[in-house]
Amino acid sequence: DNVRSFYYAAAAYHKSDQPDKVEEVLKEAKNALVSSNKRGNESFLGALATICLNNEMLDTAIKLANEAITEAVKSDNSWELEYLYGILGRSYLNAKRYEKAYDTYQKMADAADGSYMRDQAETEMDKIAVTANLYQKWIPALLKKVEENPNDSNAILKLAKSYEKTNKFTQAVEQYEQLSALEPENTQWHKKLGDLYQNLPTEIRETGELIQGTALTLSGNGSFVEMADSESLDSITDQVTVSAWIKPTEFPNNYIRIIFRSDEQKQNYRQRSYILAIRSDGKLKIASSPKDEGYASLYSPPGLIKLNTWTHIAGVIDAKKDYMKLFVNGYEFGHRHFNGEDRFVKCSLPLRIGVTHIKDQVQNTSFIGQIDEVRVWNKPRTEAEIRGDMNKQLNGDEPGLVGYWKFDAELEGNIFDSSPNNNDGKLFGDAKLERYARKVFDSTISDNLSKSIIAYQNAIEFDPTSYQNYDKLAKIYIKKGITSEAEEVYRQALNTPLTQGNHDNAINGICGLYSDEGQENKLIAILEELKPMMKNSAVLHLQLGDLYTSISETDKAKQNYDQWLNIRMHALGGTQSARSLSYFAETLLNKGLYPKTALKFAKRAFQKNYNTSYEYCEILGHACIANGLFDEALNNYLHGLSLISSKYSLSNFWEGIREAIKHTDDEDRFFQMMDAMMDAIPTTNIGNRAHAYRLMTQYYSKYDKAKNVENYLFSKTGFVPETRWLTLGPFNNIDTMGHRNAFIPEETTQIDTTAKYYGKHGLINWKKSKYVQLDGHYNFGDNKNWSAAYVWAIVISPDERDITFRFDSDDQGTIWLNGKQVFSHDRTGSISFDRYSIPVTLKQGENTILIKTCNAKETWGFYLRLTDNIGNPIKDLKFKTSDELLNAPPPLKPKFNVMSVLGMAEYYNKNNMPEKAVEQMQLTGIIHENAWMTLGPFDNTAGIGYNTAYIPEDTKPIDITAKYESANGQIGWKQFADDAFNGYIDLGRNLNWQVSYAWTTVTSPDEREVQLRFGSDDQAKVWLNGKEVHANPQFRWAVIDDNIIPVTLNAGKNTILVKVCNEELGWGFYLRITDVDGKPLDNLKIGNAQNH
């Protein structure tokens, strides 16, 4: 195959940037191809084109692919043609010849025999057109083409798509209506119109009514309203409706917050309770963090929010029923699921109107305009409810109304909550109340929904076999609040010869209409009425079985479960899918139904996959337990255990075993089986045995089956019992900085359990562990993202000995033994059993263990086992009790810790004790926030700011009156301001790729040697008296005392200039002045920015 060799050789020369050699070899390749007997073979030419495409020789790839297509057309090889068009399309795309690429994929779609390749081609066409802005580019030419030939359906369709892809829905509808007129029986046009009518902008008509009153006016210069925190607002965690009237007069940025309940922004936006916001393109947005497991947001179509126009906005989250919805002027404009979670994050920061809690972000500038009638409910409101009272004031005592701000009056900067909950607010910045008048309008969106109904009805008429059309029509009726019509549509689908799966979907649709508590009997009546025509619907009989169970009619429930069982068994009678058989067995077990049948199907699945997956063994084991066959269950579990090769699968296996007890009432027999299982695990398989014993401790603790669970846990597994730890936290771990910063004295053998520290949410101190499940996994709890905490224990050894710490934590973890760090990891991710083995030496007597674990998101905890070198527990070690640890006397000379002192300074400052705050700050030697002048931001794109002198940097006198040009216009020096007062000069978050300077003075009574202790995020330089004394070109997090810089202060005034460059996320620095031992100098005078 010497032809391929030439092309591979050309590719090698191309990669090594030898264009002359490439050209030379390609000529040889061409000659070899001409003389080859494969020169007319489309498959061979396609393979050569692929070699060239994969190696970026695009011109050659295009030529070869075109030749291959020509040959495929000649031989009528339609199957090969689809793939060749794909090769040519990718070649054009990589060459950025977008229109050629688009046309090629169009040909691929036209040539495709099946829907898969057609869908793939159309997806690529859409991506190309969006990337190259082709849709907008095509519109003028297409308009002309349609004008010249108004019956050209291809041109009309392309114009309609172009309008649709550029969010010009009104124009798109006009074109699809034209297509519908030309081809009235083409279902796809009616279906498309049904979709698009819902996205049309609202048309409004004046009613003649005028509403007058006062509204909140915000100027955008950091003006907002903040509500007093309260239990009534804090308790909203699963259902909420927020609404307001707004009149924006300017879009200062892309995102503008209206109602904001969130903590400060951290990674992945996982700290939001609920946010209602608008965008500069006129979209409305609602966002939330479902149960700390992610981020859910929903946008309306664009253009709904207009400048200088009063608009009513509302957002609804119902975590219990798994949905979010958006409403504009009383009509629904978007809905989605809520990630399947049953609650959202509970935030600690107060509710705000008009601005975010996120500092120093241009894109989050506060709202500009007027806001009125802000309402927060602890229940999901319907479209009809929202529309019904949006134009009238409420009494304030309506059920579910938690906060209601009418902005009718203010007193000394305070505004008042008209609900009974006293959630009063405070005006900040330029926020004020002003008179306004707005006209009341009727919206025509209901007409658009009516048009959608007609369109979907037409689609059903011309294609009654598409269930999707019925479902879309039913959802429009649901949106209009006409449940009876939605039910009728689903009934219509049931009366149509669709697939059983479609009929089951229609039944589930009807069940969804009447899922609220108290509607069980109504739904039962409907399903019983449908039963004669749906005799073969497993879904219907299962729903009825569950419904009768919920109202305690066990006989009727059993009748329906029996019918469901017969239908499912018949359907599975000839199946060869072990997965389907096992899933059915698991369903029966989880519902507590038909244990013998579950056993039968679990055995069938197991027999088909005897040695392939532990899961089939495990399900069979569960089924055996449900039938009282404990010996058989044991054998199946052990067989499944022998098939496991990964730690992940092993963990899942034991979690499954843990749940197996729910399948039996014979607890004693179950525990006997578990003991036998322990004995059957080989003693050499130490990890498995530890997993098993850990599981047993959970059982013993839950069912009170062991007299001394603590002793069992340690003697069998080596885990330190959770009850023997003291804990301290949480501290703030934003940007994972907690792993690098010491919040307390860490390298010490004496812990002061009486000391108080300023943590993430206030003052904290050492406490007993609240987590006492006694399973070896220390769990710090849920909903504690970006937090850090410590645990402390003392282990007593009868002699000096070498042992092994077997450890892992989620996320970063550090261990100190007797005051010395013995291990640290900075990995983020899920926890794994025995991931790290750490050889250590215990001394005779008491040994202190301190662990710090830092959490990024989701779960947070650690494992620690004390074992011999092969993993066996050490049984003669003892632990002090938590009471003994708490009652230990404090150290005679507590160890100084900078971070803990700075934390107390921040605490005193936030609680209006400024003298104590300054006193704490002086103990550290840090140059605090009030001392600095700052200048910036300047450009740091691609790191250019580090070596760019935007101001004279190597000069002692700084002209703080000078003005400089930046990307944001002309800027000057200003006094640094930050409410935190914790020594960290916080220049902002997510102000990516920018540079700022900070400047201050230090007056010394004499010339002296000192140390500048510095830490920055990210790159930084420091000048003392015009001389560069430090430069760090590396990306990093700010850590106290990261760099120790020996310098000499002059007698008198000294100047310090700092430049800090930011890449992404956090941005700032610490700087303190100390003697060589790190102690502050009490006779230095730090300049005050107000006096510079």
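Since every read-out is calculated from the coordinates, none of them should be taken as a lab result. Computed from a predicted model, the values in this text were never measured in an experiment. Please note: Cβ atoms are built from the backbone with ideal geometry, for glycine as well, and neighbour counts cover all protein chains shown.
In the chain, if the dipole is taken from +1 on Lys/Arg beta carbons and -1 on Asp/Glu beta carbons about the Cα centre, which of 194, 947, 931 is farthest to the positive end?
Value: 947.
Defining a contact as two alpha carbons under 8 Å apart and six or more residues distant in sequence, what relative contact order in percent does the chain show?
6 percent
Using θ = phi - 60° and the Karplus relation 6.51 cos²θ - 1.76 cosθ + 1.60, list the HN-Hα couplings for region 868-875 in order, rounded to whole Hz, with x at every Gly or Pro.
My calculation for region 868-875 gives 7, 6, 10, x, 7, x, 9, 8 Hz in order.
Using a basic spin-label model with each label point 7 Å from the Cα along Cα→Cβ, how many nm lie between residue 335 and residue 596?
Here the answer is 4.5 nm between the modelled labels.
So what are the ³J(HN,Hα) numbers for region 10-25, from phi and the Karplus equation (6.51, -1.76, 1.60; θ = phi - 60°), rounded to whole Hz, Gly and Pro as x?
Result, ordered by residue: 4, 4, 5, 5, 5, 5, 8, 6, 10, x, 5, 5, 4, 4, 5, 5 Hz.
How long is the gain from residue 516 to residue 556 if the chain were fully straight, where each residue apart is worth 0.36 nm and the alpha carbon distance is subtracted?
So the extension gain works out to 12.3 nm.
Show me, for region 396-410, the HN-Hα J-couplings you get by feeding each phi into the Karplus relation (A = 6.51, B = -1.76, C = 1.60, θ = phi - 60°), rounded to Hz, glycine and proline as x.
Coupling constants for region 396-410: x, 10, 5, x, x, 7, 9, x, 8, 10, 8, 6, 7, 7, 9 Hz.
Relative contact order for region 204-443: what is it in percent, counting Cα pairs under 8 Å that are at least 6 residues apart?
34 percent
Using a simple spin-label model with points 7 Å from Cα along the Cα→Cβ vector, what separation in nm is obtained for residue 631 and residue 76?
Modelled inter-label distance: 7.1 nm.
In vacuum, with every alpha carbon of the chain counted as one equal point scatterer, what does the Debye formula give for log10 I(q)/I(0) at q = 0.06, 0.08, 0.09 Å⁻¹? Two decimals, please.
Computed log10 I(q)/I(0) values: -0.70, -1.25, -1.45.
Hey, got the Cα dimensions of region 413-511 along the principal axes, in Å, largest first?
Each principal axis gives a Cα extent; for region 413-511 these are 67, 30, 23 Å.
Report, largest value first, the span of the C-alpha coordinates of region 716-895 along each principal axis, in whole Å.
Answer, in whole Å and largest first: 41, 39, 28 Å.
Quickly rank 828-834, 920-926 as a protection proxy: mean count of other C-beta atoms within 10 Å, highest first.
920-926, 828-834
Report the relative contact order of region 2-131, percent, no decimals, based on alpha-carbon pairs under 8 angstrom and at least 6 residues apart.
17 percent
Which of the peptides 609-620, 461-472 is most tightly packed, and how do the rest follow, judged by the mean count of other Cβ atoms within 10 Å per residue?
For the peptides 609-620, 461-472, the packing ranking is 609-620, 461-472.
Okay, helix-only estimate at 222 nm for the chain: each DSSP H run of n ≥ 4 adds -39500 (n - 2.57), divide by all residues, round to 500 deg cm²/dmol; what do you get?
Result for the chain: -12000 deg cm²/dmol, rounded to the nearest 500.
Would you please give the residues with an amide H less than 5 Å from that of residue 787, counting only those at least 5 places away or on a separate chain, with H modeled from the backbone geometry?
When sequence neighbours closer than 5 places are left aside, the close amide H contacts are 733, 855.
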